[in-house]
Each structure stands twice: as C-alpha cells, then as structure tokens.
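Accompanying notes for the structure given below.
The values are calculated or read from the model by the stated rules, or taken from the named source; none is laboratory data. Quick caveat: nothing in here was measured; it's all calculated off a predicted structure. So basically every Cβ, Gly included, is an ideal-geometry build from the backbone, and we count neighbours across all protein chains shown.
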Amino acid sequence: MSLLTKAVVKRMKEKRKNLSISLRDLQAITGISFSILSRYERGVVLPSAHTYQKLLAWVTGKPIPTAPAPTSIESRVAALENRVLALEKRK
C-alpha cells in the first residue's frame, strides 16, 4: 500500500472514530461495502481507483470530480442536423 493510500485510509479510520460512526454507517454514507471498508482499515486490500476517490472525497469533504457524460451518436447526429438546418435557413 502506498504511503498516500495508507494516509487516506488512516484519516478515514480516524474521522470515522472521531464522528463515532460504525463501518456500517460509513457504508451508508459512501456506498462502499462494509466488508471492503473493513479490509481497507486492516490493510488487507487496496482500494480501486474509483473507491479511492470516494474515500478521499469523504475524508476531505470535497466532491468527486465528474467527467462530462459521453454523448451518444444519435445526439451528435441530431445536433449536426440542426446545424445544417440552421445554415440552410440563412441562405
């Protein structure tokens, strides 16, 4: 486990204990399963990238940055058709 990951997991455990919440409570807050949270705290497994972001967000109180939703082919075609229609109306 990297030093950064260890630090985040340590802060997670400290914050959880300071707030007097159980792993089950933290599961409800983060959406990360109780058993996985327990394994992280014990250092048995490493968090995945997505789970690490969730933990970091909870520990720091900052939201997880989200990428814009990918657009479908249909929506791109519709946008192009609208642009073509708008250009044709200008003529």
**Study point:** Number of positions in the stretch 20-42 that are more than 18 Å from the chain's Cα centre (by Cα) and part of a loop (DSSP other than H, G, I, E, B)
**Key:** 3
Check your understanding: Given Leu37, Leu19, which one is modelled with pLDDT of 85 or more, surrounded by 12 or more Cβ atoms within 10 Å (Cβ to Cβ) and hydrophobic (A, V, I, L, M, F, W, C)?
Key -> Leu37
Check your understanding: What number of residues within the stretch 61-91 are within 13 Å of the chain's Cα centre (by Cα) and at pLDDT 80 or above?
Key -> 2
